[in-house]
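Report on the structure given below.
Derivation of every value follows stated rules applied to the coordinates shown; laboratory data play no part. These numbers come from a predicted model, not from an experiment. In this analysis, Cβ positions are derived from the backbone assuming ideal geometry, glycine residues included, and neighbour counts consider all displayed protein chains.
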Amino acid sequence: MSILRNTLIATSLATTLLALPAAAAEVTLRFQHFVNPTSANPKHFMQPWADAIEEQSGGRIEVQLFPFMQLGGAAPTQYDLIADGAIDGGWVIPGYQPGRFPEAEALELPFMVTKSAEEASKAAWTFTEQHLMDDFADVHVIAAHMHGRGLVHKKGAAPETVADFAGLDLRGPSRTATLLLRKLGANPVGMPVPAFPEALAKGVLDGGVITWEQAPPLKLDELTDSHTDVAGDKSLYNLYFIWAMNKAVYEGLPDDLKQVIDDNSGMMASAWAGRAHDIGDAEAKLVIEATDNQIAEMSTEATAEIIALGEEVTAEWIVEMTEKGLDGAALVADAQAAVAANIAQ
């Protein structure tokens, strides 16, 4: 009788426990970004990162991701939204605020990083630790990374020579990218990612530079006709990002929960974020290859001409930085060394 009674009590207790709601998280972190949640970084880095934080914290931290700037603000103001505590964390492109973080531009100079986003992102973390932590003192930096190779996506045929860029209205994501486009003879238009498709659809632009992985979510397979890379193992241009959280929120965490964040930060997280873009690039290229769009690579001769123009951009950038009181030559040398040190052997 006692066995039956104990069994009934145990069954009743188990049923009661199952009926109870799951314990609420001690900390809820709201992170924001500005792209489609199905694009490479949210799909292959942000969401897995959030899942890892939740799992490793035993459910004590909940990470909520908000795409398309759903919590308010605009992509260029993301850094300040994090610093001011309007959001707990998010994805930042420092180059969206030209002149504010000039040292970071060293990584975005033409042909600076390799076409491997993972390699480039390891270099980005190395350089960030060396030069940029004081620039980002208002936030807690979790990762620093680069996206994949930058390509030219345009209406009409792919450019084959430098002369083919003359007069084209092309979107550029950063100051350094627009400097190169101007050297090529194009009319660069600085523009965040979300505005790019509408500008193409309205005929404001002839095309622009962006990655493979952003092409399908931005409908570039429909809005443009050709997708052109340069020859060689270096990227035409690249963009620098940080994944960061509000400093006070981070510092207010218990030490064991800080450790969970720390365990998913730094070089490993930066490489992870870069790898996400490599995966996304490969997936997106397959989508474009299934269309009738032209996929092209410029000749080594044409690429060499563009590299020479890129070297002019870099030389002028060094002079500009030096005039601002920074050691432009040292910044370029350190960025190059970071890239060289993180190339896979």
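Taking DSSP loops as anything outside H, G, I, E and B, show the longest stretch in the chain free of trypsin sites (Lys or Arg not before Pro) there with at most 14 other beta carbons within 10 Å.
Details: sites that count: ARG100, LYS155, LYS202, LYS219, LYS324.
That gives 220-323 as the longest site-free run.
In percent, what relative contact order does the chain have, based on Cα pairs under 8 Å that are 6 or more apart in sequence?
Computed value for the chain: 26 percent relative contact order.
Could you please state, rounded to a whole Å, how far the C-alpha centre of the stretch 183-202 is from the C-alpha centre of the stretch 272-334?
Value for the Cα centre distance between the two parts: 17 Å.
At 222 nm, what value in deg cm²/dmol follows for the chain if DSSP H runs of at least 4 each add -39500 (n - 2.57) and the sum is divided by all its residues, to the nearest 500? Present the calculation step by step, with values, prior to reporting the outcome.
Details: 12 runs with 141 residues, N = 345.
That calculation yields -12500 deg cm²/dmol at 222 nm.
On full extension of the chain, what length is gained from LYS219 through PHE66, given 0.36 nm per residue of separation minus the C-alpha to C-alpha distance? Kindly include the intermediate steps, with their values, before the conclusion.
Values: separation 153, 0.36 × 153 = 55.08 nm, distance 2.12 nm.
Extending this stretch completely gives an extra 53.0 nm.
From largest to smallest, what semi-axes in whole angstrom does the stretch 114-241 give when each is the square root of 5 times an eigenvalue of its alpha carbon gyration tensor?
So the equivalent ellipsoid measures 27, 16, 14 Å along its semi-axes.
Take every Cα pair under 8 Å in the stretch 202-345 that's 6+ residues apart, average their separations, divide by the length, and report that relative contact order as a whole percent.
The normalised contact order for the stretch 202-345 reaches 37 percent.
In cubic angstrom, how much convex hull volume per residue do the alpha carbon atoms of the stretch 65-127 span? Provide the component values of the computation, followed by the final result.
Working: hull volume 7.3 nm³, N = 63.
Per-residue hull volume (Cα only) is 116 Å³.
How long is the stretch 253-312 along each principal axis, judged by its Cα atoms, biggest number first, in Å?
Over the stretch 253-312, Cα extents along the principal axes are 56, 37, 14 Å.
Quick one, what does Rg over Rh come out to for the stretch 202-345 if you take C-alpha atoms and the Kirkwood Rh?
Reported Rg/Rh, Kirkwood definition of Rh: 1.04.
If you line up the long axis of helix 266-289 against the longest principal axis of the chain, both from Cα atoms, how many degrees apart are they, to the nearest 10?
The angle comes out near 70 degrees.
For the stretch 179-274, what number results from the quotient of the Cα radius of gyration and 2.2 N^0.38 Å?
For the stretch 179-274, the normalised Cα radius of gyration is 1.51.
Can you tell me the orientation of helix 328-341 relative to the chain, as the angle in degrees between its alpha-carbon axis and the longest Cα principal axis, to the nearest 10?
Tilt relative to the chain: about 60 degrees.
Just tell me which aspartates and glutamates come within less than 14 Å, Cα to Cα, of LYS324; anything on the same chain fewer than 8 places away is out.
GLU103, GLU105, GLU316
Tell me which lysines have Cα within less than 27 Å of LYS115's Cα, excluding those fewer than 8 residues away on the same chain?
The reachable lysines, counting only those whose Cα sits under 27 Å from LYS115, are LYS43, LYS154, LYS155, LYS183, LYS219, LYS234, LYS285.
Past the 38 angstrom mark, what percentage of all C-alpha to C-alpha distances in the chain do you count?
21
Rounded to the nearest 0.05, what FRET efficiency is calculated for GLU198 and ASP135 with R0 set to 41 Å and r the Cβ-Cβ distance?
Values: r = 32 Å, r/R0 = 0.77.
Step by step, r from the Cβ atoms, then E = 0.80.
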